[in-house]
1. Select from the chain the helices, each a whole stretch of DSSP H, whose alpha-carbon atoms run 20 Å or more along the helix axis and whose Kyte-Doolittle mean is at least 0.0; answer none if there are none.
2. How far apart, in nanometres, would the label points at E102 and L15 be if each is projected 7 angstrom from Cα along the Cα-to-Cβ direction?
3. Pick from W12, W34, W55: which residue has the top mean-square fluctuation in a GNM of the chain where Cα pairs under 10 Å get a spring?
4. Between [x] 121; [y] 109; [z] 162, which matches volume of the Cα convex hull per residue in Å³ calculated for the structure shown?
5. Pick out which of S31, S52, S22 has the largest mean-square fluctuation in a Gaussian network model of the chain, springs linking Cα atoms closer than 10 Å.
6. Specify which residue in the list A71, I49, S13 is farthest towards the positive end of the charge dipole of the chain, using unit charges on the beta carbon of Lys, Arg (+1) and Asp, Glu (-1), about the Cα centre.
7. Lys and Arg at +1, Asp and Glu at -1: add these up for the other residues within a Cβ distance under 14 Å of K11 and post the number.
8. Per DSSP helix of 4 or more residues, -39500 (n - 2.57); summed, then divided by the residues of the chain. What does that give at 222 nm, rounded to the nearest 500?
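Nothing in this text is a laboratory measurement; each read-out follows from the coordinates by a stated rule. Because the structure is a prediction, the values reported are computed rather than measured. Quick reminder, even Gly has a Cβ in these numbers, built from the backbone with ideal geometry, and neighbours come from all protein chains shown.
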Amino acid sequence: MAQTNSDIITKWSGLSYKDKLSYSLAIAAFSLGWIITFIAFFVPPIGLISDSVLWVLGQALLFTGAVTGIAQYYQQQLNTFKKDVINTITQEYRQYKEQKLEGL
């Protein structure tokens, strides 16, 4: 199922300032890396891309991958932690209820 614009806007507005900044910088780095590489095709010598341009592209792609990967990893860890806490509290509550009912 494809996401609509309203879904994307809702997810974006739900992000913290830090996440918005990180994703914005990642998008900017990704875009500028490819723009610099594209422009390098038209700078003399035409058709050759300098090693430094490829290095900048590599760094931009690495930064983009790192930002999105780290954000996704910590979001997954946070969700796992929340589920573990909820499960533990639920189990403790059930045990408490059973002990209380046995005492009656």
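1. 17-40
2. 5.1
3. Result: W12 has the largest fluctuation of those listed.
4. Looking at volume of the Cα convex hull per residue in Å³ for this model, the match is [z].
5. Highest fluctuation of the listed residues: S52.
6. Of A71, I49, S13, it is S13.
7. Taking every other residue near K11 into account, the sum is -1.
8. Per the formula, -29500 deg cm²/dmol.
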